[in-house]
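Peer 1: Structure incoming, see below.
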Amino acid sequence: MPAPVQFPESADLDPSVPPSGPGCAECTAARGWWVHLRRCTACGHVGCCDTSPEQHATAHYRESGHPVVASFEPGEAWFWNYATEETGRGPALAEPSAHPEDQPVPGPSGSVPDNWRDLIHR
C-alpha cells in the first residue's frame, strides 16, 4: 500500500482560513441535518459528507473548484482531494479543527429524523 499523500500549502490549502461554522452551512440554513462534516481547505466552507442526504461538501467542490477537504470530525486528521481521489495528510488548520465535541453525529441536535438510517446515501 502506498504511503499517504502529504498535501502541501497551496491555493487549494490555506491553513490560516477558519471554518465557516460548527456545521454544514447549507444544511444549517435549510434546517437540515448531516451525517459527517468536511471542511474546504481553500475557503473554510463546512459541508456535509457524501453519506449525508444533501452531500454539500461535494457540491461545494463542483461549484467552487476547491478540490481539497479535511475531515471536520473530532479526532480525525485526514484530507481528501476530489480532483485526484487521493487521501492523505496536511498541515494543521486554523482552529477549531472539528465541530464541537458535544454536537451529536448525525447532527445537529433536534434536526435528525428518527429514520435517518433509511435516508443516507450508501
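Peer 1: Among the numbered conditions (1) in contact with a helix residue (DSSP H, G or I) (Cβ under 7 Å, 6 or more places away or on another chain); (2) farther than 25 Å from PRO104 by Cα, tell me where GLU26 comes up short.
Peer 2: It is condition (2) that GLU26 fails.
Peer 1: Can you tell which of THR28, THR84, THR41, THR51 is closer than 21 Å to ARG122 by Cα and of a type outside the set (A, V, I, L, M)?
Peer 2: The match here is THR51.
Peer 1: While we're on this one: Among the residues of region 66-74, are any touching a residue at least 12 places away in the same chain (Cβ under 8 Å), among the hydroxyl-bearing types (Ser, Thr, Tyr), over 18 Å from ALA30 (Cα atoms) and out of contact with any Asp or Glu (no Cβ under 9 Å at 6 or more places or on another chain)?
Peer 2: yes
Peer 1: Filter region 39-92 down to residues that are under 11 Å from the mean Cα position of the chain (by Cα), of a type in the set (Gly, Ala, Ser) and not in a loop (DSSP other than H, G, I, E, B) and give me whichever is surrounded by the fewest Cβ atoms within 10 Å (Cβ to Cβ).
Peer 2: My answer is SER71.
Peer 1: Checking PHE7 against (1) without any contact (Cβ under 8 Å) to a residue 24 or more places away in the chain; (2) closer than 15 Å to THR84 by Cα, which single condition isn't satisfied?
Peer 2: The single condition PHE7 does not satisfy is (1).
Peer 1: So which of VAL35, VAL17 ends up being surrounded by fewer than 18 Cβ atoms within 10 Å (Cβ to Cβ), of a type in the set (A, V, I, L, M) and either within 16 Å of ALA59 (Cα to Cα) or touching a residue at least 40 places away in the same chain (Cβ under 8 Å) (or both)?
Peer 2: Residue meeting the stated conditions: VAL17.
Peer 1: Tally up the residues in region 100-114 that are of a type in the set (S, T, N, Q) and either surrounded by 11 or more Cβ atoms within 10 Å (Cβ to Cβ) or closer than 13 Å to PRO53 by Cβ (or both), please.
Peer 2: 2
Peer 1: Which members of region 102-120 meet the condition of being without any contact (Cβ under 8 Å) to a residue 12 or more places away in the chain and either within 12 Å of CYS27 (Cβ to Cβ) or acidic (Asp, Glu) (or both)?
Peer 2: Those that are without any contact (Cβ under 8 Å) to a residue 12 or more places away in the chain and either within 12 Å of CYS27 (Cβ to Cβ) or acidic (Asp, Glu) (or both): ASP102, ASP114, ASP118.
Each value in this text was obtained by applying a stated rule to the coordinates, not by laboratory testing. Keep in mind it's a predicted model, so treat the numbers as computed, not measured. Positions of Cβ are backbone-derived with ideal geometry, glycine not excepted, and every protein chain shown enters the neighbour counts.
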